[in-house]
Amino acid sequence: AVGARHVSPPGGLLGGGRLKSFQYFTAGGTWTRPSGIRFALVEVIGAGGGGGGIVSPASGHKGAGGGGGGGGYARSFIDVSSISSETVTIGSGGAQGNGAAGGNGGASSFGSLLSASGGAGGSAMTADTAATAAASGIGGAGSGGDLNSTGSPGGIGFIASATAGFSGHGGASILGGGGISKCGTNAVGDTALSPDAGGGGALTNSATNRAGGAGADGLVIVWEFE
């Protein structure tokens, strides 16, 4: 096929290796190779960034925070026949920005072999009555894999006036979408909808600080082959 790339698996799999088990990490720990396992398909995903909040709004002003970026992704087929264990690190989701920018998502890794950085937090906005935008957080990036991918950036927060605007949506990870954009009057940012995605930005037209949505934690999956 045009644009297709054929990659042969490690030699043992050409001889009929089969998927036997998998391990799914949502918290840091240690991967230990089960007896008889020779190869592993490892997927590493960084955490999502938090959504931006609203800073010091005044009555009659509107504000909209930017969305956090989605976590990066790395995937690799690894000969683990000589590896007994690897340290697994799971990045924490970026904190919601309560009257501030959202926190950056943490990096996830599988030993020193694969890593994926977290998405950046969305920017905060000081509420106003004139057209104003809040920057989104960029997506994280994968490293060390046969396939490395970048998470989607969040959406910008934007107000056109004291009565019209929308907050930024959270950036997607490879597993799905981030927190949704808000376009009503007063709303806390939406928490990430999928693992490793970014949180949505806050929206307000009241004299109260408003928090963005939290980003989702990272993830590591190890598919184990005989």
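The values are calculated or read from the model by the stated rules, or taken from the named source; none is laboratory data. Note that the structure is predicted; figures quoted are calculated from it, not measured. All Cβ positions, even for glycine, are placed from backbone atoms using ideal geometry, and neighbour counts span all protein chains on display. For accessibility, only protein heavy atoms count, side chains too; no ligands or nucleic acids. Shrake-Rupley method; radii C 1.70, N 1.55, O 1.52, S 1.80 Å.
Go through region 129-143 and give me each residue that's open to solvent by 50 Å² or more (accessible area, probe 1.4 Å) and modelled with pLDDT of 95 or more.
Ala133, Ala135, Ile138, Ser143
Just checking, does region 42-65 include any residue being in a loop (DSSP other than H, G, I, E, B), of a type in the set (A, V, I, L, M, F, W, C), closer than 22 Å to Gly178 by Cβ and out of contact with any Leu (no Cβ under 8 Å at 6 or more places or on another chain)? Walk me through it before giving the result.
Looking only at region 42-65, we keep the residues that are in a loop (DSSP other than H, G, I, E, B), and these are 46-53, 56-61, 65.
If we keep only those that are of a type in the set (A, V, I, L, M, F, W, C) as well, we get 47, 58.
If we keep only those that are closer than 22 Å to Gly178 by Cβ too, we end up with 47.
Now narrow it down to the ones that are out of contact with any Leu (no Cβ under 8 Å at 6 or more places or on another chain): 47.
For region 42-65, residues in a loop (DSSP other than H, G, I, E, B), of a type in the set (A, V, I, L, M, F, W, C), closer than 22 Å to Gly178 by Cβ and out of contact with any Leu (no Cβ under 8 Å at 6 or more places or on another chain): present.
If you scan region 144-188, which residues turn out to be part of a loop (DSSP other than H, G, I, E, B), surrounded by fewer than 19 Cβ atoms within 10 Å (Cβ to Cβ) and polar (S, T, N, Q)?
Those that are part of a loop (DSSP other than H, G, I, E, B), surrounded by fewer than 19 Cβ atoms within 10 Å (Cβ to Cβ) and polar (S, T, N, Q): Ser161, Thr163, Thr185, Asn186.
Among residues belonging to region 58-83 that are within 21 Å of Tyr24 (Cα to Cα) and hydrophobic (A, V, I, L, M, F, W, C), point out the one that is nearest to the chain's Cα centre (by Cα).
Among residues in region 58-83 that are within 21 Å of Tyr24 (Cα to Cα) and hydrophobic (A, V, I, L, M, F, W, C), the one nearest to the chain's Cα centre (by Cα) is Ala74.
Tell me the residue from Ser112, Ser152, Ser81, Ser76 that is out of contact with any strand residue (DSSP E or B) (no Cβ under 8 Å at 6 or more places or on another chain), more than 17 Å from Asn209 (Cα to Cα) and hydroxyl-bearing (Ser, Thr, Tyr), please.
The conditions single out Ser112.
Name every residue in region 190-214 that is part of a loop (DSSP other than H, G, I, E, B) and open to solvent by less than 10 Å² (accessible area, probe 1.4 Å), in order of residue number.
Within region 190-214, Asp196, Ala197, Gly198, Gly199, Gly200, Gly201, Ala202, Gly212, Gly213 meet the criteria.
Of all residues in region 215-226, which are within 23 Å of the chain's Cα centre (by Cα), more than 11 Å from Gly49 (Cβ to Cβ) and not in a strand (DSSP E or B)? Steps first, answer last, please.
Going through region 215-226, the residues within 23 Å of the chain's Cα centre (by Cα) turn out to be 215-223.
Subsequent filtering for residues that are more than 11 Å from Gly49 (Cβ to Cβ) retains 217-223.
Within region 215-226, Asp217, Gly218 meet the criteria.
Pairs, please: C-beta under 6 Å, at least 6 apart or cross-chain, first residue more than 28 Å from Trp31 (Cβ to Cβ) and in region 84-103, second open to solvent by 20 Å² or more (accessible area, probe 1.4 Å) and among the polar types (S, T, N, Q)?
So the pair list comes out as Gly99/Asn209; Ala101/Ser123.
Can you tell me which condition Ala130 does not meet? The list is (1) more than 22 Å from Ile45 (Cα to Cα); (2) touching a Gly at 6+ places or on another chain (Cβ under 8 Å), and all the others hold.
Status for Ala130: all satisfied but (2).
Working carefully through the options Ser115, Ser123, find the one that is of a type in the set (S, T, N, Q), surrounded by 19 or more Cβ atoms within 10 Å (Cβ to Cβ), within 19 Å of the chain's Cα centre (by Cα) and outside any strand (DSSP E or B).
Values: Ser115 fails: outside any strand (DSSP E or B).
Going through Ser115, Ser123 in turn, just one is of a type in the set (S, T, N, Q), surrounded by 19 or more Cβ atoms within 10 Å (Cβ to Cβ), within 19 Å of the chain's Cα centre (by Cα) and outside any strand (DSSP E or B): Ser123.
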